[in-house]
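Trainee: Provided herewith is a single structure, encoded as structure tokens, for subsequent inquiry.
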Amino acid sequence: MTTPTGLRERKKEATRLALHHAALRLAAEHGLDHVTVEAIADAAEVSRRTFSNHFSSKEEAIAYGDTVRLRRLVQILNEQDPRTAPWDALTAAARQLTAETFADTDPGWLAQRRELRRHPSLAAQQIAAYTAIERELADQIAQRLTGPDLPLRARLLAATFMTSLRVAIQHWIDHPGRPLLALIDTALAAAAPAERGAR
């Protein structure tokens, strides 16, 4: 996870995470439809106004964990050797993120995610989070490409990669018998461009 710089930013991040964890816990205990913003704020021991300063909805608070992980993905990609071909750099970033984030996943978390995925509003929030990060990835990928139509090609690579990653993780949540890393490797290999080393 990216470490916020400065005391104020660290406090903001701590509040966001507290609200996220409270939202997840309450949704798992009572069902998303029975959770209110006020209840989340109370559970995190902050005001309703503080909640609104950080999130626009309970769905956004619940999806914040995905946002944190995806921001870390962008950071890892940025740390890759710029000479590495785009798809190879994306694959390496996905593997590192998986090792950092999902190495010791609690089975209760998986069950919780399976339950929460049934809510259309959460699915929409997750897609919005992936789409926002997709644009950041496309900007980084464009710097690794040469030739014509760089913005289009970079966006296509980013969209293909993010969709593959999302599908692999969702499949793993539904069928956790196989290691997530193996599923991600399989998904990214299947989705790889015909010439994955092409720039």
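Trainee: Which ³J(HN,Hα) values in Hz, rounded to whole numbers, follow from the phi angles of the stretch 145-159 under the Karplus curve 6.51 cos²θ - 1.76 cosθ + 1.60, where θ = phi - 60° and Gly and Pro get x?
Mentor: 9, 10, x, x, 6, 4, x, 5, 5, 5, 5, 5, 4, 4, 5
Trainee: Under a plain spin-label model, where a point goes 7 Å from the Cα along Cα-to-Cβ, how far apart in nm are E45 and L181?
Mentor: It works out to 3.8 nm between the two label points.
Trainee: Evaluated at 20 °C with a viscosity of 1.002 mPa s, what Stokes-Einstein diffusion coefficient in µm²/s does the stretch 92-199 have when Rh comes from the Kirkwood expression over alpha-carbon pairs?
Mentor: Stokes-Einstein gives a translational diffusion coefficient of 142 µm²/s.
Trainee: Would you mind telling me the share, in percent, of accessible area of the chain contributed by carbon and sulfur at probe 1.4 angstrom?
Mentor: Accessible surface attributable to carbon and sulfur in the chain totals 52 percent.
Trainee: With a/c under 1.5 counting as rounded, go ahead and sort the stretch 1-76 into rounded, prolate or oblate using the C-alpha gyration tensor (a ≥ b ≥ c being the square roots of the eigenvalues; past the cut-off, prolate if a/b is larger than b/c, else oblate).
Mentor: Oblate is the answer for the stretch 1-76, as a/c is 1.5 or above yet b/c matches or exceeds a/b.
Trainee: Okay, moving on. Using the Cβ atoms and a cut-off under 14 Å, what net charge is assigned to the surroundings of R117, where Lys and Arg are +1 and Asp and Glu are -1?
Mentor: Summing Lys/Arg as +1 and Asp/Glu as -1 gives 0.
Trainee: Return the whole-Å distance between the Cα centroid of the stretch 136-171 and the Cα centroid of the stretch 16-55.
Mentor: 33 Å
Trainee: Would you mind getting the accessible area per residue of the stretch 9-78, heavy atoms of the protein chains only, 1.4 Å probe, in Å²?
Mentor: Per-residue value: 49 Å².
Trainee: Please work out the FRET efficiency for the pair L150 and K11, using the Cβ-Cβ distance as r and a Förster radius of 45 Å; give the result to the nearest 0.05.
Mentor: So, using R0 = 45 Å, E works out to roughly 0.70.
Trainee: Given the Cα-Cα distance of D104 and H119 and 0.36 nm per residue of separation, how much length would full extension add, in nm?
Mentor: So the extension gain works out to 2.8 nm.
Trainee: Percent relative contact order of the chain, based on C-alpha pairs within less than 8 angstrom and at least six residues apart?
Mentor: RCO, the chain: 21 percent.
Trainee: Where does helix 180-191 land angle-wise versus the long Cα axis of the chain, in degrees 0 to 90, nearest 10?
Mentor: 40 degrees
The values are calculated or read from the model by the stated rules, or taken from the named source; none is laboratory data. Note that the structure is a prediction, hence the values are computed from the model and not measured. Here Cβ is always computed from backbone atoms with ideal geometry, including for glycine, and neighbour counts include all displayed protein chains. Note: accessible area is taken over every heavy atom of the protein model, side chains too, but ligands, DNA and RNA are not part of it. Shrake-Rupley method; radii C 1.70, N 1.55, O 1.52, S 1.80 Å.
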